[in-house]
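Notes follow once the structure below has been shown.
The values are calculated or read from the model by the stated rules, or taken from the named source; none is laboratory data. This is a predicted model, so every value here is computed, not measured. As a convention, Cβ positions derive from the backbone with ideal geometry for all residues, glycine included, and neighbour counts pool all protein chains shown.
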């Protein structure tokens, strides 16, 4: 059974992938989302939310300029922030007569976040210049990246980060976080804040301070992931830990905002195929924290707990079923503990889920070797989502796997939707937290979010565990219901 009716915000109109790069500002308890409209890039849309999950469109913010103006072709990524008594939007514009080859940074202002006026005079628009950055006269690609602005104030001085290109280095590795400093009535071009010397572009850059360190994040086109770097000072040298992927594949255009409760939230949209130019959906945010070494930690948004209700502990789950009736499989039910296993081949141990939207938490303990994991949205034939735990190598992946009635030569659908690494526990005991909300999937292992994605393949009525040549115990598990998704497009689905 497909689930195509309950989606997160995607800016949908004629096309389901119209949402582009995003920025959020929190003002008077309301989150304001501004985003591009793909593929035309002809205006910047505006939506509002009181929980950063359900969104409602309001008055559009900005449109391309009139013919002949510097931004008369397309509008690209923007950043909105409060400066004094007004709000300022720094946005990327392209010009038709240059066929969009020279992206520049413009300014619009508002006093209420709903009505915007362009203010492109004086230092704006800003364009790429040497000696640190490529210019129109010195661009091997014949088009410039000087876009995705982000304003940050440091020691009472405004700086701007941009997705830029160094004037030096291999052509496909010049991507950098460009750095500009605003004087009273001029812009000073500084050396790049960070240049990894690896990527073609570092899109949607931003910098924030958390627990005494500065962190720079950027979205990477090469593998469609979000990465981060750290420094002890804002203008200092930025470094990478041994692993610096912050959001797994398919998450893009990430930036941060402070929540109503003062937490640092990271938000992004998601490419549903994991590839650029596919259906895009704006995901619920995650929270950021750091460990003792200063590494960023990705955690679930605490608002989920605020809205959850009707807790069912494991003793009150529905009856357990073996879907495949594997003769080598067995299970025992104890007080808040199941022990399941299959000596040879697969078996799936399921119960009927209590609601379409839920949080499922518990502890998985693994005995011996073999294959194992969680399942959700299963039907009687085993079609649904498989969350595969490789506890030896610390690898987690979610698969959409099931029967394909449309092709008698390949009667199966099988797709790895997303994967990630997790820290191996020598006792092979792991706490999990699985959120299924609309078409959203989020899985945390030992408190850290490892999978975060949207998929539309399945919405069937069983959840549970699977085993193949393994013995697994599920301990102290419970399920909390979540209220249905509120979305302004549900009635049109």
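If you go through the stretch 84-106 and keep only what is free of Cβ contacts under 8 Å to residues at least 40 places away in the same chain, surrounded by fewer than 20 Cβ atoms within 10 Å (Cβ to Cβ) and assigned to a strand (DSSP E or B), you end up with just 86. One residue stands out among those in the stretch 405-424 that are in a loop (DSSP other than H, G, I, E, B) and touching a residue at least 24 places away in the same chain (Cβ under 8 Å): the one that is farthest from the chain's Cα centre (by Cα), which is 424. Take the residues in the stretch 382-399 that are in contact (Cβ under 8 Å) with a residue 40 or more places away in the chain and outside any strand (DSSP E or B); name whichever of them is farthest from residue 321 (Cα to Cα). Among those that are in contact (Cβ under 8 Å) with a residue 40 or more places away in the chain and outside any strand (DSSP E or B), it is 383. Restricting attention to the stretch 381-397, and to residues there that are surrounded by fewer than 18 Cβ atoms within 10 Å (Cβ to Cβ) and more than 23 Å from the chain's Cα centre (by Cα), which single residue is nearest to residue 347 (Cα to Cα)? By that ranking, first place goes to 381. Among the candidates 227, 255, 165, the residue that is over 25 Å from residue 294 (Cα atoms), assigned to a strand (DSSP E or B) and in contact with a strand residue (DSSP E or B) (Cβ under 8 Å, 6 or more places away or on another chain) is uniquely 165.
Those strands (runs of 3 or more DSSP E) of the stretch 299-371 in which at least 3 residues are surrounded by fewer than 16 Cβ atoms within 10 Å (Cβ to Cβ) and free of Cβ contacts under 8 Å to residues at least 60 places away in the same chain, considering only elements entirely within it, cover 329-334.
Residue 284 meets the conditions (1) surrounded by fewer than 21 Cβ atoms within 10 Å (Cβ to Cβ); (2) touching a residue at least 40 places away in the same chain (Cβ under 8 Å); (3) under 28 Å from residue 163 (Cα atoms) in every case but one. The failed one is (1). When the test is whether a residue is in the same structural domain as residue 341 (by TED's automatic domain parsing), surrounded by 14 or more Cβ atoms within 10 Å (Cβ to Cβ) and under 29 Å from residue 289 (Cβ atoms), residue 455 passes it. Residues in the stretch 54-77: is at least one closer than 18 Å to residue 255 by Cβ and modelled with pLDDT under 95? So far as the stretch 54-77 goes, yes, one or more of its residues are closer than 18 Å to residue 255 by Cβ and modelled with pLDDT under 95.
Looking at the stretch 71-83, which of the residues that are touching a strand residue (DSSP E or B) at 6+ places or on another chain (Cβ under 6 Å) and assigned to a loop (DSSP other than H, G, I, E, B) is nearest to residue 152 (Cα to Cα)? For the stretch 71-83, the residue satisfying everything is 71. The residue list 129, 119 contains one member that is surrounded by fewer than 19 Cβ atoms within 10 Å (Cβ to Cβ) and more than 25 Å from residue 237 (Cα to Cα), which is 119. Within the stretch 182-221, the only residue that satisfies the criterion of being out of contact with any strand residue (DSSP E or B) (no Cβ under 9 Å at 6 or more places or on another chain) and closer than 21 Å to residue 167 by Cβ is 186. Would you mind stating whether residue 402 is assigned by TED's automatic domain parsing to the domain that holds residue 356, in a strand (DSSP E or B) and over 16 Å from residue 460 (Cα atoms)? Criteria not met by residue 402.
Confirm whether residue 434 is closer than 27 Å to residue 412 by Cα, at pLDDT 95 or above, in a strand (DSSP E or B) and touching a strand residue (DSSP E or B) at 6+ places or on another chain (Cβ under 8 Å). Yes; evaluated as a whole, the condition is true for this residue.
Return yes when residue 377 is farther than 21 Å from residue 474 by Cα and touching a residue at least 60 places away in the same chain (Cβ under 8 Å) and no when it is not. No; evaluated as a whole, the condition is false for this residue. Evaluation of residue 140 against the conditions (1) out of contact with any helix residue (DSSP H, G or I) (no Cβ under 6 Å at 6 or more places or on another chain); (2) surrounded by fewer than 17 Cβ atoms within 10 Å (Cβ to Cβ); (3) not in a strand (DSSP E or B) shows that the sole unmet condition is (1). Within the stretch 230-250, the set of residues being part of a loop (DSSP other than H, G, I, E, B) and either under 21 Å from residue 209 (Cβ atoms) or in contact with a helix residue (DSSP H, G or I) (Cβ under 8 Å, 6 or more places away or on another chain) (or both) comprises 232, 233, 234, 235, 236, 237, 238, 240, 241, 244.
The rows are residues; the columns are (1) surrounded by 16 or more Cβ atoms within 10 Å (Cβ to Cβ); (2) under 18 Å from residue 146 (Cβ atoms).
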{"position": "199", "(1), (2)": "yes, yes"}
{"position": "221", "(1), (2)": "no, yes"}
{"position": "230", "(1), (2)": "yes, no"}
{"position": "236", "(1), (2)": "no, no"}
{"position": "256", "(1), (2)": "yes, no"}
{"position": "261", "(1), (2)": "no, no"}
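State whether one or more residues within the stretch 23-36 are surrounded by 16 or more Cβ atoms within 10 Å (Cβ to Cβ), in a loop (DSSP other than H, G, I, E, B), modelled with pLDDT of 95 or more and not assigned by TED's automatic domain parsing to the domain that holds residue 483. Scanning the stretch 23-36, I find no residue that is surrounded by 16 or more Cβ atoms within 10 Å (Cβ to Cβ), in a loop (DSSP other than H, G, I, E, B), modelled with pLDDT of 95 or more and not assigned by TED's automatic domain parsing to the domain that holds residue 483, so the answer is no.
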